[in-house]
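Have a look at the structure below before the remarks.
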Amino acid sequence: MTYARSGYLPDHNTMDQNRLWVMNTRTGFIGYGSMGSMIVQGLLDKACLQPCNVLVSTRHPASLTPLIDKYPFVKVAKNNRALVRECNRVFLCTKPLDAVHVLSEIAGDLNPDTHLVSIAACLPIEQIARFFPGAITRVVPSLTAEMNSGVTLLCHNSGVSPGAAQEIEALFGALGNVMVIDEGNFEVGTDLTSCGPALIAVLIEEFARAAARTSTLTLEQARALVIPTLSGTARLLDERGFTIETILRRVATPGGITEEGAKLLQSEMPGVYDTLIQQTLTKHGLVKTTVRNEADRLLDRKP
């Protein structure tokens, strides 16, 4: 898949040129939950990383059994500190509050030249840098990467060299599209990408339920109608280069039935989405405050 850096879309050769170095870099993953496992498995399946150069640390080692069965040369680290001592690149794939505890734990063992990559939500680079003042990249992955689709958001701090930035962008570019944006836009970007599948799924479900309520269609039949329609519409936009305006012009003919529905949505939905984004931004702020307070507590108790 293509990837974007500051709005620029290079071709696949950029990723290919970096692949050998990326594969040979000792890479560690702390955390193996839903997103962590998706990233590890995806990068191994795409041969972006060599199994012998991958280390994983998790509180639930049994969850690694399928991975080790498939890739027996992947190493299970004894603990987080042992992992970071062996790796040039470390992925922090935990929940936000867990992430600050992990950072406090590994801070003294991280090599100054390590590239730390965090997918923890609501944990800004400035907070990570309080524990590790080195090269830091924040990543917002999306479930859609399981289908080699969607967009992964990235932001690098000034400690990340251009070469290291390209390596990370190449890795995630193998799983879908990548866009580098200002960290200040991460929360809204998260709504559109990482939160997007759930929010879109709700729209699909409510559309199907409304159809089932007003007809003899079963809910399963309504879903079977709307889901392929969504998929086809997405392909028209993504693969055929259709614009929103093109689809409206082709389907919502003036004075027609579709136009009535489109006008209703255009009237009602701006307020719904403004409220949605405001509520998620408020929640982001609350979680960031909780995470910051916990970081303060952990740093205050350090000798």
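Whether any residue in region 179-193 is exposed (fewer than 15 other Cβ atoms within 10 Å of the Cβ), touching a residue at least 40 places away in the same chain (Cβ under 8 Å) and more than 19 Å from Val287 (Cα to Cα) is what I want to check. No, region 179-193 has no match at all. Exactly one residue out of Val188, Val226 is assigned to a helix (DSSP H, G or I) and outside the structural domain of Ile277 (by TED's automatic domain parsing), and it is Val188.
In this structure, Asp274 does not satisfy being part of a helix (DSSP H, G or I), out of contact with any helix residue (DSSP H, G or I) (no Cβ under 8 Å at 6 or more places or on another chain) and within 30 Å of Gly108 (Cα to Cα). If you check Thr246, Thr193, which single one turns out to be more than 25 Å from the chain's Cα centre (by Cα) and not aliphatic (A, V, I, L, M)? Only one candidate qualifies: Thr246. Residue count for region 235-264 under the criterion of being over 28 Å from Gly176 (Cβ atoms) and in a helix (DSSP H, G or I): the result is 9.
In region 141-148 there is at least one residue that is over 23 Å from Val102 (Cα atoms), of a type outside the set (Lys, Arg) and outside any helix (DSSP H, G or I). Considering (1) free of Cβ contacts under 8 Å to residues at least 24 places away in the same chain; (2) in a loop (DSSP other than H, G, I, E, B), the lone condition that Asp109 does not fulfil carries the number (1).
Looking at region 115-138 only, could you name the residues that are buried (at least 21 other Cβ atoms within 10 Å of the Cβ), without any contact (Cβ under 8 Å) to a residue 40 or more places away in the chain and either outside any loop (DSSP other than H, G, I, E, B) or in contact with a Gly (Cβ under 7 Å, 6 or more places away or on another chain) (or both)? Residues satisfying the conditions are Leu116, Ser118, Ile128, Ala135, Ile136, Thr137.
Only one of Thr258, Thr290, Thr243 is out of contact with any Ser or Thr (no Cβ under 6 Å at 6 or more places or on another chain) and closer than 25 Å to Glu205 by Cβ; which? Result: Thr258 is the single residue among Thr258, Thr290, Thr243 that is out of contact with any Ser or Thr (no Cβ under 6 Å at 6 or more places or on another chain) and closer than 25 Å to Glu205 by Cβ.
Condition check for Ala211 on (1) of a type outside the set (Asp, Glu); (2) under 12 Å from the mean Cα position of the chain (by Cα); (3) surrounded by fewer than 22 Cβ atoms within 10 Å (Cβ to Cβ); (4) not in a strand (DSSP E or B): one failure, at (2).
The values are calculated or read from the model by the stated rules, or taken from the named source; none is laboratory data. The model shown is predicted, which means the values in this text are computed figures rather than measured ones. Neighbour counts run over all protein chains shown; Cβ positions are idealised from the backbone, glycine included.
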